[in-house]
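Accompanying notes for the structure given below.
The values are calculated or read from the model by the stated rules, or taken from the named source; none is laboratory data. Remember, it's a predicted structure, so these values are computed and weren't measured experimentally. Glycine also receives a Cβ, built like all others from the backbone with ideal geometry; neighbour counts cover every protein chain displayed. Quick note on the areas: whole protein, heavy atoms, side chains included, nothing else; ligands and nucleic acids left out. Shrake-Rupley method; radii C 1.70, N 1.55, O 1.52, S 1.80 Å.
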Amino acid sequence: MAASLVVKVRLKGILGSGGGLDRLRLRRGFEAGFKALLAAGRPDEAVKAMFSPSDRVGFKINAIGGRELSTRPEVSMALAALLADGGPAEKNIVVWDRTNRELQEAGYRLNMAADGVRVFGTDSSGIGYDPDIVSHLSIGSRFSAIQSRLTGAQVSLAVLKDHGTAGLTAGLKNYYGAIHNPNKYHDTGGDPYIAELFDAPPIKARHRLSILDALVVQYHRGPSHHKRWAEPHESFILSRDPVAADVIGWTIIEEFRAAKGLPSLKEDGREPSYLFTAERMGLGAARKDAIRVVEVEA
Amino acid sequence: MRRREFFKGAGAASLALGSGAGAALVHLYAFADTANLSKVEARYYKKLPDKEIECQLCPRLCRLGDKERGYCGVRENQDGIYFTLVYGKPCSVHVDPIEKKPFFHVLPGTAALSIATAGCNVNCKFCQNWEISQVRAEQVAAIDLPPDKVAALAVENDCPTIAYTYSEPVVFFEYMVDTALAARAKGRRSLVVTGGHVNPAPLSELLQAVDAVKVDLKSFSPDFYKSYVRGDLKPVLETIKAVAKSGRWLEVVYLVIPTLNDTPEEIRRMSRWLLAEVGPDVPLHFSRFHPMYLIKNLPPTPLSTLEEARAAALAEGMRFVYIGNAPGLNAEDTVCPKCRTTLIKRYAYSVQVRAMDKGRCANCRTPIPGIWA
């Protein structure tokens, strides 16, 4: 069986200018990542391999961390621009999370207009959560209508962070923001809940791609932002294997922790065991010998 | 008090409130149109380094970073300070028969002003009110109803009691305690309907403010609590003992779920424990399960199972054992344990007080434990 491919896009120096992020460079980063991921000659070919022009695509971002530690608007918009060139029109792309307030605090400008990339939260008037509860394994939740009805394809566009109980919050756990009751699934380090939520039909059937925004990585005391334990990594992690993407994200966190003299997540009693549960459930590869990492510069 | 004989039908007692609060009757939304959240500092929590906190209200001891919510979904760390988001923000306000709670030994035939906010600190797969208990604070339509207004509503609606019920009142602890104190100042009693997941210190404060507590004992098996409640049995048992020790009135409900917690052996063990720890006079209600929430693949509890459970509890020595959610079984009446006179006749929420006199059996003068006036 072929190893799961994870592409690490390095964007050295992108945080160095002091101002906003260079969108063109971010775009080039995504282009390089998509080409490497799909072994495509051109970025639009890679986009077309994953998305069709008729798709309505959601970017489930992580906006809980405010301006300092959320999926950056420049990143979301650069990705949207790339997709719009080869796949769905901008108006069929929704950048979303739980609430409009969190989106705005993360720097997003809301847009529910007919044109342009849509940006809104589940709490927008007329959206909300589906009334019926979905019961799947140990999960019983109502799903955001953005996840279940407004979009047919989903990108988990998450931020790479340490997490106080789960060890790691990245692409899989990002979908906690797609249900009405994430507070019920933080026991036992989120294991097996994170994996079982991903396995639920409203998510598994729509998930197309995991992208981790690792421009800045919170490697300790997450998921809240603590400047003392947040370091630039200036990279994106891309994979069609949602488990493998998170495993490589976990590796980055462990590298930072080791460099800073912190115990590993396992030593800290927070190893993200839900990744191994996800692998056992057939959701992707958690063992590193089953993952192939390709690094590209942009 | 002179012995009274009266019927009070459910229809009369379950009136919605008048204009204003009546609009709050369980209107549920995926998100309320406008989030109506309080920002009142919580009472039981510990500040930790780096703006983290540890909630000390219930045994979960949620440890939360900035902007994180507790398991209950209604308490949030904001910049290192822990807030309750539901203080004075009930999502459900009703006038109910007190028997609906159920309290069978507290002012029978009267109405209880019943309130709830969103949230719960467990996640029972058989929850009957999951649409308000298993949601976050902003996912229901709440109204502004501070403690003094709740007390005033109880007076206006001729309710001698206020019940904190439907969801899990422990999660709106501050609102409940302050309301109970405001109600007491107006001569109203407070009743708590809880799953019993609460730590000793807040429970002690709560028991100073309220008059009666009904605990839902969901099983006598730790494994059941882990699998179907997402909680622990031990703190619930500690709560039951603490309520009894405090002198506040205590009743216990046991929801009998087919194949999950209905073996005669478990019922007998539970009954023996109650007998030993809180005595034979604590009313014990066996309640009928109906498929709900995440358990829809089981049938309603067979009536024979409920009757067997009641028989087992009576055989172990419990003196006041009832069956709920199953009218017609003739197991709702309060009967004098000595002379077997029917003291209070019940059919669902219809109540006829037949032979009670100043807290005693009118026939043989045996004291009947409870709050009767």
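Key figures for this structure:
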{"read-out": "Test: residue in segment A:54-67 that is basic (K, R) and crowded, with 21+ Cβ neighbours inside 10 Å", "value": "yes"}
{"read-out": "Residue list for segment B:259-284, filter: within 18 Å of B:L329 (Cβ to Cβ) and either among the acidic types (D, E) or open to solvent by less than 10 Å² (accessible area, probe 1.4 Å) (or both)", "value": "B:D262, B:I267, B:P283, B:L284"}
{"read-out": "Of all residues in segment A:43-68 being among the aliphatic types (A, V, I, L, M) and in contact with a Pro (Cβ under 8 Å, 6 or more places away or on another chain), the one that is farthest from the other protein chains (Cβ to nearest Cβ)", "value": "A:V57"}
{"read-out": "Subset of segment A:128-152 (residues that are open to solvent by 20 Å² or more (accessible area, probe 1.4 Å), over 30 Å from A:L82 (Cα atoms) and more than 9 Å from chain B (Cβ to nearest Cβ))", "value": "A:D132, A:V134, A:H136, A:L137, A:S138"}
{"read-out": "Scope segment B:286-323; condition over 30 Å from A:S141 (Cα atoms), part of a loop (DSSP other than H, G, I, E, B) and either within 14 Å of chain A (Cβ to nearest Cβ) or of a type outside the set (F, W, Y) (or both); matching residues", "value": "B:G317, B:M318, B:R319"}
{"read-out": "Residue check, B:S204 of a type in the set (G, A, S) and within 25 Å of B:A373 (Cα to Cα)", "value": "yes"}
{"read-out": "B:A152 at pLDDT 95 or above and either aromatic (F, W, Y) or open to solvent by 10 Å² or more (accessible area, probe 1.4 Å) (or both)", "value": "yes"}
{"read-out": "Pairs, first on the phi > 0 side of the Ramachandran plot in segment A:265-285, second in a loop (DSSP other than H, G, I, E, B), C-beta under 8 Å, six or more apart", "value": "A:G284/A:D241"}
{"read-out": "Selection status of B:T110, farther than 16 Å from B:R189 by Cβ, over 16 Å from the mean Cα position of the chain (by Cα) and of a type outside the set (A, V, I, L, M, F, W, C)", "value": "no"}
{"read-out": "Options A:V243, A:V134; residue that is of a type in the set (V, I, T) and within 24 Å of A:K288 (Cβ to Cβ)", "value": "A:V243"}
{"read-out": "Residue within segment B:210-228 that is at positive phi, of a type outside the set (S, T, Y) and surrounded by fewer than 24 Cβ atoms within 10 Å (Cβ to Cβ) present", "value": "no"}
{"read-out": "Selection from segment B:337-351 of residues that are open to solvent by 30 Å² or more (accessible area, probe 1.4 Å), out of contact with any helix residue (DSSP H, G or I) (no Cβ under 8 Å at 6 or more places or on another chain), under 20 Å from B:N325 (Cα atoms) and of a type outside the set (S, T, Y)", "value": "B:K345"}
{"read-out": "Single condition A:K12 does not satisfy, out of (1) in contact with an Asp or Glu (Cβ under 7 Å, 6 or more places away or on another chain); (2) open to solvent by less than 40 Å² (accessible area, probe 1.4 Å)", "value": "(2)"}
{"read-out": "Matching residues, segment A:16-53, being open to solvent by 50 Å² or more (accessible area, probe 1.4 Å) and not in a helix (DSSP H, G or I)", "value": "A:G16, A:S17, A:G18, A:G19, A:G20, A:D22, A:A39, A:G41, A:R42, A:P53"}
{"read-out": "Subset of segment B:72-91 [open to solvent by 10 Å² or more (accessible area, probe 1.4 Å) and hydroxyl-bearing (S, T, Y)]", "value": "B:Y87"}
{"read-out": "Residue, most open to solvent (accessible area, probe 1.4 Å), within segment A:93-122, restricted to residues that are more than 18 Å from A:Y175 (Cβ to Cβ) and among the basic types (K, R)", "value": "A:R109"}
{"read-out": "Tally of residues being more than 9 Å from chain A (Cβ to nearest Cβ), closer than 23 Å to A:W229 by Cα and part of a loop (DSSP other than H, G, I, E, B) across segment B:34-75", "value": "1"}
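Results for (1) open to solvent by 50 Å² or more (accessible area, probe 1.4 Å); (2) under 27 Å from B:R248 (Cβ atoms), shown as yes or no for each residue.
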position: B:S287; (1), (2): no, yes
position: B:I295; (1), (2): no, no
position: B:T305; (1), (2): no, no
position: B:R310; (1), (2): yes, yes
position: B:A315; (1), (2): yes, no
position: B:F320; (1), (2): no, yes
position: B:I323; (1), (2): no, yes
position: B:P327; (1), (2): yes, no
position: B:A331; (1), (2): no, yes
